[in-house]
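First comes the structure, then the notes that go with it.
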Amino acid sequence: QVQLVESGGGLVQAGDSLRLSCAGSGLTFRTYAMGWFREVPGKEREFVAGISRLGGNTYYASSVTGRFTISREYAKNTVYLQMTSLKPEDTAVYYCAADPVVGGTEGGMYKYWGQGTQVTVSS
């Protein structure tokens, strides 16, 4: 059974940094592309960042480029989202997702999802 468990969310102030983690189990981690998405009540889930299976390719939403960094640690079956210069508009529930093919920016391409972790940025 595949499980993705996010952690690291919390309440921070604008300008602060936060690192989210997503630990995977029940899957051969290196064969999955990984992504981070976020969701605000009343809005569609939004792509944030993605990383290829071997980690050589990363890509970001324009709203987070230069502030967020996605990375993965194969020994720990974990993908990270380092968030810096946080803004109130970054407030959302953040989800990680795994796809055995190519991943991408569309949520529908991902097969497995975590339960989400709340990030709240106060002004």
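The values are calculated or read from the model by the stated rules, or taken from the named source; none is laboratory data. Here the structure is a predicted model, which is why all the values come from computation and not from measurement. Cβ atoms come from the backbone with ideal geometry, glycine included; neighbour counts cover every protein chain shown. The accessibility values were calculated without ligands, DNA or RNA, using every heavy atom of the protein model including side chains. Shrake-Rupley method; radii C 1.70, N 1.55, O 1.52, S 1.80 Å.
With modelled with pLDDT of 95 or more and either out of contact with any Leu (no Cβ under 9 Å at 6 or more places or on another chain) or among the aromatic types (F, W, Y) (or both) as the only criterion, which of E46, E106 stands out?
Details: E106 fails: modelled with pLDDT of 95 or more.
Checking each option against the conditions leaves just E46.
Screening T69, T31, T58, T65 for residues that are touching a residue at least 24 places away in the same chain (Cβ under 8 Å) and over 13 Å from A92 (Cα atoms) leaves exactly one candidate, T31. The strands (runs of 3 or more DSSP E) found entirely in the stretch 54-123 that carry 3 or more residues being open to solvent by less than 10 Å² (accessible area, probe 1.4 Å) and either in contact with a Pro (Cβ under 7 Å, 6 or more places away or on another chain) or closer than 17 Å to L18 by Cα (or both) are 78-83, 92-99. Of the residues making up the stretch 73-94, those that are touching a residue at least 12 places away in the same chain (Cβ under 8 Å) and more than 24 Å from G15 (Cβ to Cβ) are Y74, K76, N77, T78, V79. Contact annotation: residue pairs with Cβ atoms under 6 Å, 6 or more positions apart or on different chains, pairing a residue in the stretch 102-123 that is on the phi < 0 side of the Ramachandran plot with a partner that is surrounded by 16 or more Cβ atoms within 10 Å (Cβ to Cβ) and part of a helix (DSSP H, G or I), are V121/D90. In summary, strands (runs of 3 or more DSSP E) completely within the stretch 2-45 and bearing 1 or more residues that are surrounded by 13 or more Cβ atoms within 10 Å (Cβ to Cβ) and among the aromatic types (F, W, Y) occur at 33-39.
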